[in-house]
1. Between PHE47 and GLU72, what length comes free when the chain is fully extended (0.36 nm per residue of separation minus the Cα-Cα distance, one decimal in nm)?
2. Any idea how far apart GLU108 and TYR39 come out in nm if each label point goes 7 Å out from Cα toward Cβ?
Amino acid sequence: MDGWGKIKMAKIYDDFDIIALENAIEQAYSTENTPFCDYEVDADYDFGTYHYRVWRGRSCLGSFYRSPMTDEWVAKPFYKNGEFVYEPNEQSFGSHEEAQAYIILCWEG
């Protein structure tokens with residue numbers, strides 16, 4: 001490769017921002033797939049009880065479980081008004097549907 005080719009290749013690499021590319025791909029993926037994604041719930045057995053997670057696309061919105069002590073459903077949303085919260089505010093409910101609805105409501109704002 002002659003000197004001009006090396007300069008052209010260096011210019012291409014200098015202009016190439018891998019982080020910007022990854023962010024653009026992630027945004028395009030989310031924009032393309034989010035309208036078609038419903039909420040999903042999966043479960044994981046841990047500490048003698050099932051812990052359920054509420055998902056929208058690839059985002060985990062929160063978790064809930066049935067308390068063996070009180071027999072109530074405890075919801076822990078990970079978002080409030082679309083913003084991630086570091087200390088989830090737990091609330092108890094009489095049914096798992098109410099716990100799921102609370103997590104979704106917190107995410108939607």
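A short reminder: the numbers here are calculations on the coordinates, not readings from a lab. Since the model is a prediction, treat every value here as computed from it, not as a measurement. All Cβ positions, glycine included, derive from the backbone under ideal geometry; neighbour counts span all protein chains shown.
1. Values: separation 25, 0.36 × 25 = 9.00 nm, distance 1.66 nm.
Net length gain for the segment: 7.3 nm.
2. 0.8
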